[in-house]
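Below you'll find the structure, written out as structure tokens, and then a few comments.
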Amino acid sequence: MPFYSSSGSSYRPAKKCQMRHCDREVGYYESSNKNSFYCPRHSCHANYKCRTPSEDGERFCKTHAVCAHYGCGKMISEEDKSFRYSKGGKDSWLCSEHCCKADDCYKHRRDSNTKYCDDHAKENKCEVSDCSSDRSSKHYCEKHTCQHPDCTRKTLNSGRSKEKCRHHQSCASPGCTRHVNLDANNSPKKFCDYHGRCKIHRCHGIVRTGSWYCAEHECYIATCHRPKDLFNAPGTRFCHRHRCSVAGCCEKARTDGSKPPFCISHGCMNKHCRNPAKVKNGCCWEEACVRPECGMPKATECGNYCFNHRTTHNDTSTPTSSRSTRGQYSHGSSGRRPYFVMNNFSRSSHSPTSGSRERQHAQMDRIYREIYSRPRYY
């Protein structure tokens, strides 16, 4: 090409286009100084040797208008309308996916691993010895180039991040995105400056972000990063600030800091009291019943005793703690019988069938036991 009509040359006889029903003069290939078999409208612009006419108005025939790679159907008109066969020096055309990527080279690519022909692939090969891919950076292919932005170093195959170079390896602590430093052997360390192995002696666990201890030794409270108080309470899940202050107790304290550091069982059952419980799940010594084994709160009407342990010290209708034989109708050294017992006793003492004093005493005692379900204190 360029391609002209043959009538422009006076020394060449005019020939008619071989296309049926076409009376135009044949075309002329200037690059080869040869006439075509068809007029410019029906000639294939590939070269003068092509005897296949093109479709009306098309530049190439059906053979030369399609990519020569097997199975590819791309057309020249779809991709490169300015393509000229004479420039490529070949009798076939290849699309951009099958043609060598090198400038002014129209040869077929060597294989699927490269974008170059066999000649240019060697010049653009990745510098990794066993890699046949093309370089995407100055020295390495895309697979062997560090994926960190603006970095063209070689990837570290033995690193945690195989797509990164040795200078951009991330910290092994979960959730940490910081890069680690290199050791004396120019190898990346496992942790960044903010993380590492658990600080507990002989523990090889990995710490979490923002902590110095692994999950096994860190306080169970999500916002706390102190170690568990395992020395004072083996088996606890909490640190010394969140664990109950009672020695050996593994449970969580009800509050932190400003309020009593006791668990629900060892703190006073009065939620406004800061003191430890007298007995488990009871009140403190100040608010509990004075009975040694009782932790129930004192009752207002019972003085220093709870309702269950009220005595004659705060109720004159209850019997005393010792007996006495003084008096015909007395059963204790102090205090009086309840009025309802005395009324029954009076009625029985005036009965003609009441009998002796022993019978009167037995009857009175029976009436007393019927009224009070719990035993008397002697």
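The values are calculated or read from the model by the stated rules, or taken from the named source; none is laboratory data. Here the structure is a predicted model, which is why all the values come from computation and not from measurement. Positions of Cβ are generated from backbone atoms using ideal geometry, with glycine treated the same way; all protein chains shown enter the neighbour counts.
Quick notes on this one:
- Condition met for residue 278 (surrounded by 13 or more Cβ atoms within 10 Å (Cβ to Cβ) and in contact with a Gly (Cβ under 6 Å, 6 or more places away or on another chain)): yes
- Of the listed requirements (1) over 30 Å from residue 262 (Cβ atoms); (2) part of a loop (DSSP other than H, G, I, E, B); (3) within 28 Å of the chain's Cα centre (by Cα), residue 167 misses just one: (2).
- In the stretch 117-148, of all residues being of a type in the set (Ser, Thr, Tyr) and at pLDDT 90 or above, the one that is nearest to the chain's Cα centre (by Cα) corresponds to 145.
- Restricting attention to the stretch 40-63, the residues being in contact (Cβ under 8 Å) with a residue 24 or more places away in the chain, surrounded by fewer than 22 Cβ atoms within 10 Å (Cβ to Cβ) and hydroxyl-bearing (Ser, Thr, Tyr) number 0.
- Leading residue by the ranking (nearest to residue 205 (Cα to Cα)) among those in the stretch 231-256 that are among the hydrophobic types (A, V, I, L, M, F, W, C), more than 24 Å from the chain's Cα centre (by Cα) and crowded, with 16+ Cβ neighbours inside 10 Å: 239
- Options 290, 246, 207, 279: the member that is among the aliphatic types (A, V, I, L, M) and under 30 Å from residue 173 (Cβ atoms): 207
- Scanning the stretch 64-103 for residues that are part of a loop (DSSP other than H, G, I, E, B), modelled with pLDDT of 80 or more and surrounded by 15 or more Cβ atoms within 10 Å (Cβ to Cβ) yields 64, 65, 67, 68, 69, 74, 94, 95, 98, 100, 101, 102.
- Test: residue in the stretch 287-297 that is free of Cβ contacts under 8 Å to residues at least 40 places away in the same chain, acidic (Asp, Glu) and in a loop (DSSP other than H, G, I, E, B): yes
- Scanning the stretch 182-193 for residues being surrounded by 12 or more Cβ atoms within 10 Å (Cβ to Cβ), out of contact with any Cys (no Cβ under 7 Å at 6 or more places or on another chain) and in a loop (DSSP other than H, G, I, E, B) gives a total of 3.
- Scanning the stretch 106-133 for residues that are buried (at least 19 other Cβ atoms within 10 Å of the Cβ) and in contact with a helix residue (DSSP H, G or I) (Cβ under 7 Å, 6 or more places away or on another chain) turns up just one, 114.
- Qualifying positions in the stretch 270-300 - in contact with a strand residue (DSSP E or B) (Cβ under 7 Å, 6 or more places away or on another chain) and under 16 Å from residue 246 (Cβ atoms): 276, 277, 278, 282, 283, 284, 295
- If you filter the stretch 155-169 down to residues that are out of contact with any helix residue (DSSP H, G or I) (no Cβ under 8 Å at 6 or more places or on another chain) and surrounded by 17 or more Cβ atoms within 10 Å (Cβ to Cβ), you find that the one that is nearest to residue 198 (Cα to Cα) is 169.
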